[in-house]
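Below is one structure, written out as structure tokens; the observations come after it.
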Amino acid sequence: MKKLKIGITCYPTVGGSGVIATELGKMLAERGHEIHFITSSVPFRLNKIYPNVFFHEVEVNNYSVFQYPPYDIALASKMADVIKEEKLDILHVHYAIPHAVCAVLARHMSGENFGIVTTLHGTDISVLGEDSTLAQAIKYGIDCSDAVTAVSESLKQQTYALIDTKQTIDTIYNFVDDNVFKPVDPGNLKEQFGILPHEKVIIHISNFRKIKNLPDIVDSFLKIREKMPAKLLLVGDGPEKHRVTDLVKLSPYKDDILFLGKQENITELFAISDLKLLLSEKESFGLVLLEAMACGVPGIGTAIGGIPEVINHGVNGYLVPLGDTQSVADYAVDLLQDEVKHEAFRLAALQAVKEQFHESKMVEQYERIYERVAQEK
Ligand code: GMT
């Protein structure tokens, strides 16, 4: 296919959407496209030098006359500058608000003709379920895009249910870089954490937002711990951290719950883990489940949003109703005590990542969309 000049805007430090945007940019660069990140800081997974990847920093000044820093306007203005200077074919933005709306504004400011591709990751759409004040802006961002993708079928349907749009939305699943996320040798990491060889390790990784439902993670673990020796690794940080810390302090198994804070090398943590829990109230996909699966760690997740599209119940993990911590514990104990079943789940998880969520498949789907949009311009 023709090599394109592609701009990418995402929140560079925010969870899954930033990871997907950055990994996609890296893969597109490897396939010969010229990539321009237009973001407020260097995306945290952009950890390698590529001659055809450029970074354009959005500077947001906090002038005393403004009550709020004008991030959206600064971004749109930077987008317009980059579009004019670099003659981009495509601007791929992650999130309808504010990024798609900024891209539309940049199109008007620059007067240039380029394609806008918007990927929905869930956060802006799920916010809409509770707060309709931004509904018009989200609809505008979606309607004015030349192509829109969603990271799961569930998110696509949820978007159609909440927004009256005629826009076609294509589902392109999240993916993982299997050169990074793979089973690795953790050395004596388990021992370093003081975890005994016979103790099973359960892991939860998130940004500790309320929707990640940390109390259910702790409650499920306590029920598991009553039945068998195990440790819980809580990885990440965020608004719910204090609440969870207080909850754990009251628990009879508080020494079996380890708070590890934010961590970079999560593949090594997965390498000592036997099970991943993601019991969110809302989740458009659950990228961290896929990262665990790519490292051979099966997961238990709530049957919410896109999680049932990632976990194949009874094959590579289990799905439970939201709030049903007893089922989480029952499935976990059964799986962790049955080595043959656990190995089968581990292999099925690795296979699903290779067959259904392989990065090459997703990058090709994005390329087809860029090609179509670029031709229409
Ligand atoms: O889940 C978060 O708190 C972060 C959020 C984000 O914007 O990065 O994650 C969303 O996008 C990820 C990548 O597509 C998805 O894997 C997450 O499921 C989704 N989070 C929600 O829908 C709550």
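Taken together, the values in this text are just the output of simple stated rules run on the coordinates, not laboratory data. All figures in this text were calculated on a predicted structure; none of them were measured in a lab. A quick note on method: Cβ atoms are made from the backbone with ideal geometry, for glycine too, and the neighbour counts reach across all protein chains shown.
Summary table
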quantity: Test: residue in the stretch 265-278 that is touching a strand residue (DSSP E or B) at 6+ places or on another chain (Cβ under 7 Å), of a type in the set (Gly, Ala, Ser), under 23 Å from residue 209 (Cβ atoms) and buried (at least 23 other Cβ atoms within 10 Å of the Cβ); calculated: yes
quantity: Test: residue in the stretch 169-192 that is free of Cβ contacts under 8 Å to residues at least 12 places away in the same chain and outside any loop (DSSP other than H, G, I, E, B); calculated: yes
quantity: Wholly within the stretch 310-377, helices (runs of 4 or more DSSP H) carrying at least 1 residues that are touching a Pro at 6+ places or on another chain (Cβ under 9 Å) and surrounded by 20 or more Cβ atoms within 10 Å (Cβ to Cβ); calculated: 325-337, 339-356
quantity: From 246, 255, 216, residue being buried (at least 20 other Cβ atoms within 10 Å of the Cβ) and among the charged types (D, E, K, R); calculated: 216
quantity: Residues that are part of a loop (DSSP other than H, G, I, E, B) and either among the basic types (Lys, Arg) or touching a Gly at 6+ places or on another chain (Cβ under 9 Å) (or both), drawn from the stretch 193-211; calculated: 206, 207, 208, 209
quantity: Flag if residue 164 is away from the ligand (no atom under 16 Å from the Cβ), among the acidic types (Asp, Glu), assigned to a loop (DSSP other than H, G, I, E, B) and over 23 Å from the mean Cα position of the chain (by Cα); calculated: yes
quantity: Any strands (runs of 3 or more DSSP E) falling wholly within the stretch 28-124 and containing at least 2 residues that are over 30 Å from residue 306 (Cα atoms), away from the ligand (no atom under 16 Å from the Cβ) and of a type outside the set (S, T, N, Q); calculated: 53-57
quantity: Number of the condition not met by residue 8 [criteria: (1) outside any loop (DSSP other than H, G, I, E, B); (2) more than 16 Å from the ligand (Cβ to nearest atom)]; calculated: (2)
